[in-house]
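Student: Attaching a single structure in structure tokens format; questions to follow.
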């Protein structure tokens, strides 16, 4: 279980905090989506939840971050890496740049954990297979397309098998098929007990994937509830968030006095 | 060295690159050595400067050394994958951090060139003139410097965060996935070369060669 309790965060050199009084708990196996307009603090929340802020980038943190009930204040960063994985939106900067093949790139994390070679290889193969990118194993990471690189980055995180995973726009560069594969992989991961915090502009991805959605506005949580309720909240537009196409289509039908239930079968298929 | 380059199929490229790298230094070495080196046998004079046999001899020795250094560095870079090299260093006990810094440094150059190319194209698309005279080209380079450096620094920060999240800073040894093939004759050859190096240095110090 990952918990943020009364968390505020201020970047080094900033006059004021970017996050205010964040209270958020992720239960094991839970998938929580985070939405909000640009500059609402979504990426900062990802950094704080993964321990990188202030652990690596400095700044000031108030409140507490707990993992499985343990206060993580002052813990070394490598302790976080086995408990919380984080993926950023730009895959190019997440590739290590020190490996010659996709296989080595995905294996880098397990290797860093000091796992036996056999387990590293097993985890790497499993992560590549989960995302359907086994055929990329021998490719040079620098020569991948943006979408392929993003899948490799996610595979690298899956291979670490962290208890909690924070993803900042994991499908930003993916085509619909890649997005679907990532969605399936994340669902499978949650089924094994991994808690997922997904920051995403594409509410269509969160719709049906997340059990809970959190809305951030100006660094504060303004809405936290079951995904269906939050995604149907008419205030989403005011918070700078596009509702998923299912909701928009339903509203369009309702405006023409058509039954919104008509689209259920279409969207479901 | 020539045999190794021939075997690797890079002899022609190696000689060309080494000549290109050595040429600018060679010109200044020849001019300075030939005309300013003190000597008794004057070959010819240009104004107040005498070209001496001793100067030519010194210039020739320096050029040969420079070319040998250039050839050996060039041969190493052309035949060795830097990543394989540093991973093998790590296998032999060098810290992964040192290995990473070494690879990142080597890999930074092409990455910066690539970034500069992309930014240059986007600047040209917005009307910046980078063709023609030296002045125009210089004017085209200046707007690249800021974005290239700032972008590279941002990338480094993001990459280091990503590496931290993949346990890169965890203390302790890693189990590397592979080892460089190292055949018996290669080990013997390495030791023989080290012995030859020591013997040559000793002979040189003792004045035998």
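Student: Between residues in the range A:177-205 that are surrounded by fewer than 21 Cβ atoms within 10 Å (Cβ to Cβ) and residues that are assigned to a strand (DSSP E or B), which pairs lie under 6 Å by C-beta distance while being six or more apart or on different chains?
Tutor: Taking only residues 6 or more apart or on different chains, the pairs are A:190/A:31; A:190/A:196.
Student: Another question about this same structure. If we scan the range A:163-175, do we find a residue that is more than 15 Å from the chain's Cα centre (by Cα) and either surrounded by fewer than 23 Cβ atoms within 10 Å (Cβ to Cβ) or at the interface with chain B (Cβ under 9 Å from one of its Cβ atoms) (or both)? Reasoning before the result, please.
Tutor: Kept after step one, since they are more than 15 Å from the chain's Cα centre (by Cα), are these residues of the range A:163-175: A:175.
Then drop every residue that is not either surrounded by fewer than 23 Cβ atoms within 10 Å (Cβ to Cβ) or at the interface with chain B (Cβ under 9 Å from one of its Cβ atoms) (or both), which leaves A:175.
The answer is yes, given that some residue of the range A:163-175 is more than 15 Å from the chain's Cα centre (by Cα) and either surrounded by fewer than 23 Cβ atoms within 10 Å (Cβ to Cβ) or at the interface with chain B (Cβ under 9 Å from one of its Cβ atoms) (or both).
Student: Kindly indicate which of B:143, B:147, B:181 is more than 11 Å from every other protein chain (Cβ to nearest Cβ), part of a loop (DSSP other than H, G, I, E, B) and over 26 Å from residue A:46 (Cα atoms).
Tutor: Just one listed residue meets the conditions, B:181.
Student: In addition: Based on what the data block shows, is residue B:186 within 11 Å of chain A (Cβ to nearest Cβ), part of a helix (DSSP H, G or I) and out of contact with any strand residue (DSSP E or B) (no Cβ under 9 Å at 6 or more places or on another chain)?
Tutor: Values: within 11 Å of chain A (Cβ to nearest Cβ): no; part of a helix (DSSP H, G or I): yes; out of contact with any strand residue (DSSP E or B) (no Cβ under 9 Å at 6 or more places or on another chain): yes.
Judged against the criteria, residue B:186 is not a match.
Student: Against the definition (within 21 Å of the chain's Cα centre (by Cα), surrounded by 17 or more Cβ atoms within 10 Å (Cβ to Cβ) and part of a helix (DSSP H, G or I)), how does residue B:108 come out, yes or no? Show your work before the answer.
Tutor: Details: within 21 Å of the chain's Cα centre (by Cα): yes; surrounded by 17 or more Cβ atoms within 10 Å (Cβ to Cβ): no; part of a helix (DSSP H, G or I): yes.
No; evaluated as a whole, the condition is false for this residue.
Student: Of the residues B:83, B:115, B:92, B:137, which is exposed (fewer than 15 other Cβ atoms within 10 Å of the Cβ), modelled with pLDDT under 85 and either over 30 Å from residue B:179 (Cβ atoms) or within 14 Å of chain A (Cβ to nearest Cβ) (or both)?
Tutor: B:137
Student: On to the next question. If the requirement is being out of contact with any helix residue (DSSP H, G or I) (no Cβ under 7 Å at 6 or more places or on another chain) and within 22 Å of residue B:90 (Cα to Cα), which of these qualifies: A:117, A:99?
Tutor: A:117
Student: Looking at (1) surrounded by 15 or more Cβ atoms within 10 Å (Cβ to Cβ); (2) within 14 Å of chain B (Cβ to nearest Cβ); (3) touching a residue at least 24 places away in the same chain (Cβ under 8 Å); (4) closer than 24 Å to residue B:167 by Cβ, find the lone condition where residue A:11 falls short.
Tutor: Exception for residue A:11: condition (4).
Student: Are any residues in the range B:156-172 in a loop (DSSP other than H, G, I, E, B) and more than 7 Å from chain A (Cβ to nearest Cβ), and if so, which ones?
Tutor: B:171
Student: Further, regarding this structure: If a residue counts only when it is facing chain B (nearest Cβ under 9 Å), in contact with a strand residue (DSSP E or B) (Cβ under 9 Å, 6 or more places away or on another chain) and surrounded by 17 or more Cβ atoms within 10 Å (Cβ to Cβ), which strands (runs of 3 or more DSSP E) contained entirely in the range A:19-135 have at least 3 such residues?
Tutor: Filter on the range A:19-135 gives A:84-87.
Here is a yes/no grid of residues against (1) farther than 30 Å from residue A:141 by Cβ; (2) surrounded by fewer than 17 Cβ atoms within 10 Å (Cβ to Cβ):
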{"residue": "B:28", "(1), (2)": "yes, yes"}
{"residue": "B:31", "(1), (2)": "yes, yes"}
{"residue": "B:43", "(1), (2)": "yes, yes"}
{"residue": "B:55", "(1), (2)": "yes, no"}
{"residue": "B:62", "(1), (2)": "yes, yes"}
{"residue": "B:70", "(1), (2)": "yes, no"}
{"residue": "B:100", "(1), (2)": "no, no"}
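The values are calculated or read from the model by the stated rules, or taken from the named source; none is laboratory data. The model shown is predicted, which means the values in this text are computed figures rather than measured ones. All Cβ positions, even for glycine, are placed from backbone atoms using ideal geometry, and neighbour counts span all protein chains on display.
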